[in-house]
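Before any comments, here is the structure.
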Amino acid sequence: MYKIYVSYDMQAGKEEDCQRYFSQVMGPTLTRYGATVAEVWYTIWGQVPQFQSSSLIDTEEEMSRLLLSKKWQETLVGLCLLYTSPSPRDRTR
């Protein structure tokens, strides 16, 4: 069993878009390739990423098929439009 961990800080004013993107694009992409979304955290206070999720996938072959797929690459590009980089929290540490 393998774990896929995604975390990021959202751009101000894009919080709803980020949540929608995960539920309508990233989550379905993960499940299409055999992963099970196990946990999703939305942080409202503290020095950790605002959004975190973990998904489980059974085999190394399934993991490779997901990570090397064109759909996963497209999903990551779409996500990049919604998160901050570097994180505002990184600037205060």
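Within the range 11-23, does at least one residue satisfy the condition of being under 13 Å from the mean Cα position of the chain (by Cα), open to solvent by less than 60 Å² (accessible area, probe 1.4 Å), more than 22 Å from residue 70 (Cβ to Cβ) and at pLDDT 90 or above?
no
Are there any pairs with C-beta distances below 8 angstrom linking a residue in the range 1-15 that is of a type in the set (Lys, Arg) to a residue that is open to solvent by 70 Å² or more (accessible area, probe 1.4 Å) and not in a strand (DSSP E or B), with the two at least 6 apart or on different chains, and if so which?
So the pair list comes out empty.
Write out, first by first residue and then by second, each pair whose Cβ atoms fall under 7 Å of each other, whose residues are 6+ apart or on separate chains, and whose first residue, in the range 56-78, is without any contact (Cβ under 8 Å) to a residue 60 or more places away in the chain while the second is charged (D, E, K, R).
These pairs meet every condition: 56/3.
Residues that are assigned to a helix (DSSP H, G or I) and touching a residue at least 60 places away in the same chain (Cβ under 8 Å): does the range 20-28 have at least one? Before you say what the answer is, go through the steps one by one.
Looking only at the range 20-28, we keep the residues that are assigned to a helix (DSSP H, G or I), and these are 20-28.
Next cut, touching a residue at least 60 places away in the same chain (Cβ under 8 Å) only: 21.
Yes, the range 20-28 has at least one match.
Just give me the residues in the range 24-39 being open to solvent by less than 70 Å² (accessible area, probe 1.4 Å) and under 17 Å from residue 64 (Cβ atoms), in sequence order. Don't jump to the end; show me each part of the working.
First, the residues of the range 24-39 that are open to solvent by less than 70 Å² (accessible area, probe 1.4 Å): 25-30, 33-35, 37-38.
29, 30, 33, 34, 35, listed by residue number.
Kindly indicate the residue of the range 47-73 that is touching a helix residue (DSSP H, G or I) at 6+ places or on another chain (Cβ under 9 Å) and open to solvent by less than 30 Å² (accessible area, probe 1.4 Å) and also farthest from residue 6 (Cα to Cα) among those meeting that condition.
Going through the qualifying residues, I end up with 69.
Might you check whether a residue that is in a helix (DSSP H, G or I) and small (Gly, Ala, Ser) occurs anywhere in the range 29-52? Explain how you work it out, then say what you get.
Of the residues in the range 29-52, the ones in a helix (DSSP H, G or I) are 29-32.
Now restrict to residues that are small (Gly, Ala, Ser): none.
The answer is no, given that none of the residues of the range 29-52 is in a helix (DSSP H, G or I) and small (Gly, Ala, Ser).
The values are calculated or read from the model by the stated rules, or taken from the named source; none is laboratory data. All values reported here derive from a predicted model rather than from experimental measurement. Note that each Cβ is placed from the backbone with ideal geometry, even for glycine, and that neighbours are counted across all protein chains shown. Side chains included, ligands, DNA and RNA excluded: accessible areas come from the protein's heavy atoms. Shrake-Rupley method; radii C 1.70, N 1.55, O 1.52, S 1.80 Å.
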